[in-house]
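A.B. asks: Below you'll find the structure I mean.
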Amino acid sequence: MSASDALAGGWLARLRERVAAWRAEGALPVRVDPLRGAAPAQAHLGAIDQPLLWVTVALLAWGLVMVYSASVAMPDNPKFANYAHTHFLMRHLVSLVLGFAVALLAYQVPMARWEKAAPWIFVLAILLLVAVLIPFVGRGVNGARRWISLGIMNFQPSELAKLAIVLYAAGYMVRRMEVKERFFRAVLPMGAAVAIVGVLLLAEPDMGAFLVIAVIAMGILFLGGVNARMFFLIAAILLVAFGLMIALSDWRRERIFAYLDPWSEKHALGKGYQLSHALIAIGRGEVFGVGLGGSVEKLNWLPEAHTDFLLAVIGEEFGLLGVLTLIVMFFWLTRRIMHIGRQAIALDRVFSGLVAQGIGLWVGFQSFINMGVNLGALPTKGLTLPFMSYGGSAILMGMVAIAIVLRVDAENRMLMRGGRV
């Protein structure tokens, strides 16, 4: 053996030792071993982000308990006289079981397949948003037509639309990455897609879902690298659009006035009724709450206590400490999801990273709006508290969204260990 061969052999041996050390530490940020091809790795349950999973499970479990607590007295209302006291509890439990099964299936789907399916999922969401407006197909409740009856649950297409816009916008930014600095080629097509969804949602009407979808789309465009001036232009257009919607709608304008003064004689028994009773509930809770099951406002005083205003019941029964605990949990959850997205982008997985960050925006923004409404910081808006409020579609799609984030994280971990996805 020549001196050069011996030197090369020693260098290769040292390099193999260093790569093995990096891999043992989980710090190898490459897709394959530089010395030999790595065998494809499959995602498995042991590779998931355990803290993210258990915080989500804790929110789901707490939500199940609170849905029962908030709805147990509803059969005393003549409107729900034929319902058992456990009616909403059992339906919520069915939604959780169904959501777990669908989320488990979603977790097995590689992100590459989600990317290919994104346009078709978006088309499906639009078709369902159209279908819900068709008489005898869509189901109306309290003047809104937002649900399609599936027997075991009433499916709300707007919840699917939230996930669809996350996947579609992320895929769109990956396809348009080379023209992201050009407004007409990068932004207008995405704006047209959001506008179509918005028109269909406003026809239901469901302005809250449209607001969430618009924020998700804007956020993904911004995180995807769209020029900042374009981003602020889009934001200004949306603000003007929402302002016009409120100005041209008597009942939306009345909601704003009721929010500004919910205690007035004009609004206390009208548009400000829910807000005023939500504030009474939270005020009764003080610091430590009146105890689980001890809420008075849920006794048919506070409408929609098990859906939009679940936080008010939590505030009454668990007090300031319970509300602060919930805020910290949602803040941590959103921050962790965004971190997983940034990690994916750092590994050159732009679609996966934008999907995770879009889901983080969805969870964070919707929970912020719901909490703000319950605390009287924002005008009343029909948005549920993610993972907790009663509503089969929201629970189902929320669990699927978290499963996709866990899949992104699992693929990140495989790549950092030298595997392939």
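The values are calculated or read from the model by the stated rules, or taken from the named source; none is laboratory data. Keep in mind that what you see is a predicted model, and the values were worked out from it rather than measured. Cβ placement follows ideal geometry from the backbone for every residue including glycine, while neighbour counts extend to all protein chains displayed. We work out accessible area using only protein heavy atoms, side chains counted, and drop any ligands, DNA or RNA first. Shrake-Rupley method; radii C 1.70, N 1.55, O 1.52, S 1.80 Å.
A.B. asks: For segment 364-389, give me each residue that is assigned to a helix (DSSP H, G or I) and surrounded by fewer than 24 Cβ atoms within 10 Å (Cβ to Cβ).
C.D. replies: Once the filter is applied, which keeps residues that are assigned to a helix (DSSP H, G or I) and surrounded by fewer than 24 Cβ atoms within 10 Å (Cβ to Cβ), segment 364-389 yields Gly364, Phe365, Phe368, Ile369, Met371, Gly372.
A.B. asks: Looking at Ser276, Ser264, which is the one that is without any contact (Cβ under 8 Å) to a residue 40 or more places away in the chain, open to solvent by less than 30 Å² (accessible area, probe 1.4 Å) and part of a loop (DSSP other than H, G, I, E, B)?
C.D. replies: It is Ser264.
A.B. asks: Please work out if Gly358 is open to solvent by less than 10 Å² (accessible area, probe 1.4 Å) and farther than 26 Å from Val65 by Cβ.
C.D. replies: yes
A.B. asks: Moving on to the next point. If only one of Gly392, Gly418 is surrounded by 20 or more Cβ atoms within 10 Å (Cβ to Cβ), in contact with a strand residue (DSSP E or B) (Cβ under 8 Å, 6 or more places away or on another chain) and at pLDDT below 95, which one is it?
C.D. replies: Going through Gly392, Gly418 in turn, just one is surrounded by 20 or more Cβ atoms within 10 Å (Cβ to Cβ), in contact with a strand residue (DSSP E or B) (Cβ under 8 Å, 6 or more places away or on another chain) and at pLDDT below 95: Gly392.
A.B. asks: Restrict the check to segment 244-251 and report whether at least one residue is farther than 14 Å from Thr380 by Cα and either touching a strand residue (DSSP E or B) at 6+ places or on another chain (Cβ under 7 Å) or not hydrophobic (A, V, I, L, M, F, W, C) (or both).
C.D. replies: The answer is yes, given that some residue of segment 244-251 is farther than 14 Å from Thr380 by Cα and either touching a strand residue (DSSP E or B) at 6+ places or on another chain (Cβ under 7 Å) or not hydrophobic (A, V, I, L, M, F, W, C) (or both).
A.B. asks: Inside segment 129-172, can you point out the residues that are in contact (Cβ under 8 Å) with a residue 40 or more places away in the chain, surrounded by fewer than 18 Cβ atoms within 10 Å (Cβ to Cβ) and in contact with a Lys or Arg (Cβ under 8 Å, 6 or more places away or on another chain)?
C.D. replies: Leu133, Asn154
A.B. asks: Quickly run through segment 37-65 and pick out the residues that are farther than 22 Å from Leu310 by Cβ, at pLDDT 55 or above and exposed (fewer than 14 other Cβ atoms within 10 Å of the Cβ).
C.D. replies: Gln50, Pro51
A.B. asks: A further question follows. Given the conditions (1) under 23 Å from Phe387 (Cα atoms); (2) modelled with pLDDT of 90 or more, report the number of the one that Gln274 does not fulfil.
C.D. replies: That leaves (2) as the condition not met.
A.B. asks: Just one of Glu265, Glu317 is closer than 20 Å to Phe88 by Cα and acidic (Asp, Glu); which is it?
C.D. replies: Every option except Glu317 fails the conditions.
A.B. asks: Working only within segment 96-128, note down all residues that are surrounded by fewer than 14 Cβ atoms within 10 Å (Cβ to Cβ) and either in contact with a Pro (Cβ under 9 Å, 6 or more places away or on another chain) or over 30 Å from Ile340 (Cα atoms) (or both).
C.D. replies: Once the filter is applied, which keeps residues that are surrounded by fewer than 14 Cβ atoms within 10 Å (Cβ to Cβ) and either in contact with a Pro (Cβ under 9 Å, 6 or more places away or on another chain) or over 30 Å from Ile340 (Cα atoms) (or both), segment 96-128 yields only Leu127.
A.B. asks: Turning to a different aspect of this structure: Exactly one of these conditions fails for Lys162: (1) touching a Pro at 6+ places or on another chain (Cβ under 8 Å); (2) closer than 19 Å to Met399 by Cα; (3) of a type in the set (D, E, K, R). Give me its number.
C.D. replies: (1)
A.B. asks: Specify the residue that is modelled with the lowest pLDDT; the eligible residues are those in segment 282-318 that are under 20 Å from Leu378 (Cα atoms), in a loop (DSSP other than H, G, I, E, B) and not aliphatic (A, V, I, L, M).
C.D. replies: Glu304
A.B. asks: Follow-up question, since we're still on this one. Mind counting the residues in segment 66-89 that are open to solvent by 60 Å² or more (accessible area, probe 1.4 Å) and either under 16 Å from Gly391 (Cβ atoms) or charged (D, E, K, R) (or both)?
C.D. replies: Final tally of qualifying residues: 3.
A.B. asks: Of everything in segment 188-227, what is of a type in the set (A, V, I, L, M), over 24 Å from Arg255 (Cα atoms), open to solvent by 10 Å² or more (accessible area, probe 1.4 Å) and touching a Leu at 6+ places or on another chain (Cβ under 8 Å)? Give them in sequence order.
C.D. replies: Of everything in segment 188-227, those that are of a type in the set (A, V, I, L, M), over 24 Å from Arg255 (Cα atoms), open to solvent by 10 Å² or more (accessible area, probe 1.4 Å) and touching a Leu at 6+ places or on another chain (Cβ under 8 Å) turn out to be Met218, Leu223.
A.B. asks: When you scan segment 297-314, how many residues do you find that are more than 23 Å from Ile395 (Cα to Cα) and open to solvent by less than 60 Å² (accessible area, probe 1.4 Å)?
C.D. replies: 1
A.B. asks: Another one. Would you call Arg417 of a type in the set (Lys, Arg), touching a residue at least 12 places away in the same chain (Cβ under 8 Å) and out of contact with any Gly (no Cβ under 7 Å at 6 or more places or on another chain)?
C.D. replies: no
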